[in-house]
2 protein chains.
Amino acid sequence: MGPTLHDVARLAGVSIKTVSNVIHDYPYVKDATRTRVQNAIDTLGYQPNLSARGLRSGRTGVIGLAVPALRENYFAELADAVIRAAESRGLSVLVEQTSGDRDAELRVLSGSRPRFLDGLLFSPVALGQDDAKFLEVPYPIVLLGERIFGGPTDHVTMHNTSAARAAVEHLIGIGRRRVAVVGASVTDTGTNSSTLRLRGYRQALEAAGIGFDPDLVRECAHWNRDGGAEATHRLIRDGVSFDAVFALNDSLGLGVLRALREEEIRVPEDVAVIGFDNIDEARFSVPSMSSVATKREELAEAAVALLTERFQEKEPRLPPRLVQPDFTIVARESTGTYSPTHADATPAGASQER
Amino acid sequence: MGPTLHDVARLAGVSIKTVSNVIHDYPYVKDATRTRVQNAIDTLGYQPNLSARGLRSGRTGVIGLAVPALRENYFAELADAVIRAAESRGLSVLVEQTSGDRDAELRVLSGSRPRFLDGLLFSPVALGQDDAKFLEVPYPIVLLGERIFGGPTDHVTMHNTSAARAAVEHLIGIGRRRVAVVGASVTDTGTNSSTLRLRGYRQALEAAGIGFDPDLVRECAHWNRDGGAEATHRLIRDGVSFDAVFALNDSLGLGVLRALREEEIRVPEDVAVIGFDNIDEARFSVPSMSSVATKREELAEAAVALLTERFQEKEPRLPPRLVQPDFTIVARESTGTYSPTHADATPAGASQER
DNA sequence: ATGAAAGCGCTAACAC
DNA sequence: GTGTTAGCGCTTTCAT
């Protein structure tokens with residue numbers, strides 16, 4: 001074990017309270033004393049014992065971040081941003097993975113780990129609206145994502161519908177009319193990202209006077225590259241004609257690009273593609289992929305800020321707050337306007353290619 | 001605060017020691033007592049206070065993982081694997097990011113956080129061989145990577161040289177003779193991944209009787225996609241002829257693919273590409289990218305196992321151990337053997353394309 | 001097989 | 001301004 005407060009106090013010739021005062025920047029300490037204590041701290045290399053501090057004060061300086069899986073780019077980038085935001089507030093982040101498993105998500109909420117975290121940033125994918133009650137726990141939670149709305153906790157989420165609408169409007173703006181959607185959810189709970197983004201899709205079509213064709217909407221069991229690739233192959237196998245794809249997230253979109261290339265369909269000449277989330281990878285795919293960007297730093301910053309406010313606040317508690325960071329459309333090669341004016345004239349589309 | 005040991009003891013009508021015995025599966029507890037205690041635990045929803053446990057026992061059940069940045073795919077996948085390995089042992093993982101910054105890496109070692117972690121998995125990139133002394137800390141560390149060898153701690157690293165040699169042999173095996181290397185380190189400390197992999201490169205050339213051409217070896221300040229793309233453009237701008245690229249990691253390799261496409265050089269027809277690490281993304285790039293695969297689960301598993309052994313062991317300590325997981329070459333489209341026998345006959349190469 | 005009690009290092013209420 | 005002191009909840013001798 002390292003040196004303790006007592007060791008420092010002894011060396012400095014003061015009581016532990018004075019040492020504690022110095023450590024916590026208590027203003028009423030004589031400068032001379034402060035210097036003496038600080039020297040003792042330095043020579044001993046004293047580091048506070050966080051377990052003891054946590055036991056006594058109820059605060060550990062550690063927050064939890066529960067996500068489905070770090071190997072999914074979006075969550076890795078989110079975790080990156082969260083850790084940075086936490087660090088700037090002197091907090092550390094304990095990362096848990098749920099694999100998108102319902103039991104694992106419930107375990108995160110009720111396990112023994114939370115009792116030693118100051119708070120939890122929770123991004124569920126298996127829990128749904130009906131599970132809001134499980135968020136009623138005796139420590140602060142900030143909910144991330146679109147699975148549950150109006151729950152008992154603070155919540156950070158995107159402007160899903162309007163962002164999706166903007167994405168599709170971008171496609172329509174470059175002259176596309178047959179916009180496929182990849183990533184519709186199999187089980188539609190009514191409050192998940194898929195539904196919200198799909199709503200934006202329909203709004204954009206409607207505003208442009210384009211009819212809705214259910215054949216263009218493809219489900220994916222998993223929001224990953226495999227799912228996107230597979231859905232695209234199915235779309236083509238079914239002989240559906242399309243000149244654009246709106247992938248409900250970037251991983252799907254990268255799978256779409258991959259599949260289109262396998263089918264020897266040119267992007268964006270034959271089919272334009274836009275994703276959602278603007279993960280780093282979208283900049284480097286071949287072709288680079290347009291996407292809807294949410295400032296992830298902003299999102300992480302907001303989430304950590306909400307959490308810290310909660311564990312600093314006194315009763316009575318503020319009501320749950322909802323924060324929705326802004327978004328922008330990032331146009332890249334996959335929606336490059338190669339002969340956009342001809343897009344209608346030459347009825348390009350995957351079905352032509354087969 | 002939740003219920004404590006005392007609450008459970010009172011409800012069960014026993015002492016806290018008995019409750020503690022039940023929790024720790026101490027064998028000499030009457031079955032009847034055990035049941036009674038267990039019921040009390042369940043009805044109260046008792047969860048042990050980890051801060052108190054940590055204070056008393058010196059063990060918190062939390063290990064640290066310090067990596068440069070989670071937004072780098074390789075480290076996200078590593079973190080994923082580490083968290084899984086830790087979870088299977090009942091440990092949680094606190095993730096720290098160093099941004100590859102020397103001061104940040106030193107802070108990880110000496111900060112107050114370590115004093116509350118049971119151990120640390122540390123993947124430095126700024127520290128080097130001369131900094132081995134900083135690893136002499138009073139808690140167990142497992143070093144990851146190739147920056148420091150022969151240090152005072154356990155160490156998990158790849159067979160860099162032989163794996164790199166195998167990668168280059170793969171390229172030679174499909175008929176390539178002008179193999180460029182992307183990612184050589186600017187400042188060569190002699191014990192980093194770059195040097196070791198470069199050594200494998202030279203071994204492979206030598207074994208095949210191919211002369212070493214320093215023009216083919218390109219430096220990159222950063223091992224990311226930008227670095228790989230930039231180095232590739234430079235290579236071509238310099239008019240160097242090459243028919244294959246060995247990217248010292250996959251992020252570089254993906255940048256290489258991107259740049260080759262911008263230069264309208266076909267992969268693998270004109271130039272074959274192989275990376276290193278086999279990140280998930282390599283499977284989905286366009287074209288998919290061959291790579292050197294280290295079983296990351298194995299690596300993570302080994303690292304966590306070494307760490308747990310350390311904090312369970314009694315004095316005297318075992319000497320530092322070195323673990324090097326196996327590797328395999330994963331062949332994908334980027335080294336697809338399109339007319340491999342002609343590779344020599346038709347002196348394909350980037351320089352032809354300009 | 002179970003209980004009593006000390007104390008891990010720290011914070012904060014209270015004394016002086 | 002600084003010191004004293006009582007626990008926070010748990011583990012762990014030592015008794016019984």
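The table for this structure:
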| read-out | value |
| --- | --- |
| Restricting the stretch A:1-107 to chymotrypsin sites (Phe, Trp or Tyr not before Pro) in coil, as DSSP defines it, with at most 10 other Cβ within 10 Å | A:Tyr28 |
| The stretch A:2-144 pair-distance distribution - Cα-Cα, 10 Å bins, rounded % | 11, 31, 24, 17, 13, 4, 0 |
| Debye log10 I(q)/I(0) for the stretch B:256-325, one point scatterer per Cα, at q = 0.17, 0.26, 0.28 Å⁻¹ | -0.71, -1.12, -1.21 |
| Mean separation of Cα contacts under 8 Å (6+ apart) over length of chain A, as relative contact order % | 16 percent |
| The stretch B:77-119 - Kirkwood radius from inverse mean 1/r over Cα pairs (Å) | 11.6 Å |
| Cut-off 13 Å between beta-carbons: net charge of the residues surrounding A:Gly200, Lys and Arg +1, Asp and Glu -1 | +1 |
| Loop trypsin sites (Lys or Arg not before Pro), the stretch B:1-74, which have at most 10 other Cβ atoms in a 10 Å radius of their Cβ (DSSP) | B:Lys30 |
| Hydrodynamic radius of the protein assembly as shown per Kirkwood, over alpha carbon pairs, in Å | 27.9 Å |
| Exam field: B:Arg261 pseudo-label spacings to other copies (7 Å along Cα-Cβ), nanometres | 0.5 |
| Share antiparallel - DSSP beta bridges, chain B, percent rounded to 5 | 10 percent |
| Euclidean distance of C-alpha centroids, the stretch B:293-336 and the stretch A:124-185, integer Å | 38 Å |
| In Å, descending, principal axis extents of the Cα set of chain B | 88, 39, 32 |
| Loop trypsin sites (Lys or Arg not before Pro), the stretch A:288-320 (other Cβ atoms within 10 Å of the site Cβ: 16 or fewer; DSSP) | A:Lys295, A:Lys314, A:Arg317 |
| Theoretical FRET efficiency, 1/(1+(r/R0)^6), r = Cβ-Cβ of B:Glu269 and A:Glu298, R0 45 Å, to 0.05 | 0.55 |
| Stokes-Einstein D in µm²/s, Kirkwood radius over Cα pairs - the stretch A:202-250 at 37 °C with 0.692 mPa s viscosity | 276 µm²/s |
| Antiparallel bridge percentage (DSSP; both residues within the stretch B:212-339; nearest 5) | 45 percent |
| Size of electric dipole in the protein assembly as shown: Cβ of Lys, Arg +1 and of Asp, Glu -1, about Cα centre, debye, nearest 20 | 2540 debye |
| Percent antiparallel among DSSP beta bridges (both partners in the protein assembly as shown, rounded to 5) | 15 percent |
| Charge tally in the Cβ shell below 11 Å around B:Thr18, where Lys, Arg are +1 and Asp, Glu are -1, B:Thr18 excluded | +4 |
| Descending semi-axes in whole angstrom, ellipsoid equivalent of the stretch B:79-185, from the Cα gyration tensor | 32, 17, 12 |
| Furthest towards positive pole of dipole, B:Asn249, B:Ala52, A:Pro320, structure part the protein assembly as shown, Cβ charges | B:Ala52 |
| Gaussian network model of chain A, springs between alpha carbon atoms under 10 Å - residue of A:Ser92, A:Ser15, A:Ser193 with greatest fluctuation | A:Ser15 |
| Using distinct alpha-carbon pairs, which all enter the 1/r mean, Kirkwood radius of the stretch B:160-298 in Å | 14.5 Å |
| Net charge of neighbours whose Cβ lies under 9 Å from the Cβ of B:Ala229, counting Lys and Arg as +1 and Asp and Glu as -1 | -1 |
| Sum of -39500 (n - 2.57) over DSSP H runs of 4+, divided by residues of chain B (222 nm, nearest 500) | -12000 deg cm²/dmol |
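Taken together, the values in this text are just the output of simple stated rules run on the coordinates, not laboratory data. If you're wondering where the values come from, they're calculated on a predicted model, not measured in any experiment. Ideal geometry is used to build each Cβ from the backbone, glycine not excepted, and the neighbour counts take in all protein chains shown.
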